[in-house]
Amino acid sequence: LSNCLRYQQAFPRELGLRQNRPAFRIQRMVVCPDKLTAVKYKKAFDLIGKVKTEIVMSPPDTRENNEDVHSSESPEVQQYYEMLKTKYGHDIDKMIIQQYEKGESIELLIVIDKLLTGFDVPQTIVMYLCRKLKEHTLLQAIARVNRVYPGKDYGYIIDYAGIMEELQEAMETYDR
């Protein structure tokens with residue numbers, strides 16, 4: 001959760017976005033390494049209370065003998081997913097994405113793997129990378145914040161995972 005705390009410290013300043021506020025609602029994404037971390041981030045952000053968040057994730061893995069503490073088998077992840085089903089029904093992702101797209105009640109979308117490629121909400125201006133991404137997935141994730149939108153010239157990637165080497169490799173691979 002140290003990244004979450006760093007986010008909390010950076011949030012008010014956020015590269016001058018508060019002082020030079022664009023005409024649209026600033027949308028953000030946090031990319032987490034696993035579902036358990038995503039749930040912990042969500043709880044921390046809720047506790048801080050300065051930003052409205054939600055998690056988009058696949059259903060928990062409930063296979064027998066799956067004992068990985070960071071897997072979706074975690075009781076904390078399963079409880080959270082059950083809460084999502086209660087809150088949003090069976091179309092969890094669709095409902096969350098609609099709220100995020102409209103800027104209604106979700107300012108910060110917490111993701112693990114979903115929505116890193118092919119997801120297009122042009123008002124997403126900041127992405128916090130809390131895990132390493134590689135190749136096509138890294139370039140596609142960066143593209144999430146580089147979509148054209150009135151009043152938006154570019155997006156920001158806040159790199160907590162140290163992806164510069166992976167970015168260089170991806171650029172070399174796809175620049176051919």
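Matching residues to (1) at pLDDT 85 or above; (2) acidic (Asp, Glu):
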residue	(1), (2)
Glu73	no, yes
Glu107	yes, yes
Gly118	no, no
Pro150	no, no
Thr173	no, no
### Message
Please determine whether any residue of segment 60-70 is farther than 19 Å from Val126 by Cβ, at pLDDT below 90 and either in contact with a Cys (Cβ under 8 Å, 6 or more places away or on another chain) or hydrophobic (A, V, I, L, M, F, W, C) (or both).
### Response
yes
### Task
Using the structure shown, decide if Ala143 is open to solvent by less than 50 Å² (accessible area, probe 1.4 Å), of a type in the set (A, V, I, L, M, F, W, C) and without any contact (Cβ under 8 Å) to a residue 24 or more places away in the chain.
yes
### Task
Can you give me the ranges of the helices (runs of 4 or more DSSP H) entirely in segment 69-176 with at least 1 residues that are among the aromatic types (Phe, Trp, Tyr)?
75-88, 92-102, 164-174
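Which is open to solvent by less than 50 Å² (accessible area, probe 1.4 Å) and modelled with pLDDT of 90 or more, of Val51, Val31?
Val31
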### Message
Can you tell me which condition Met95 does not meet? The list is (1) over 15 Å from Arg28 (Cα atoms); (2) at pLDDT below 90; (3) over 13 Å from the mean Cα position of the chain (by Cα), and all the others hold.
### Response
(2)
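The values are calculated or read from the model by the stated rules, or taken from the named source; none is laboratory data. All of these numbers come straight from a predicted model, not from anything done at the bench. Here Cβ is always computed from backbone atoms with ideal geometry, including for glycine, and neighbour counts include all displayed protein chains. Quick note on the areas: whole protein, heavy atoms, side chains included, nothing else; ligands and nucleic acids left out. Shrake-Rupley method; radii C 1.70, N 1.55, O 1.52, S 1.80 Å.
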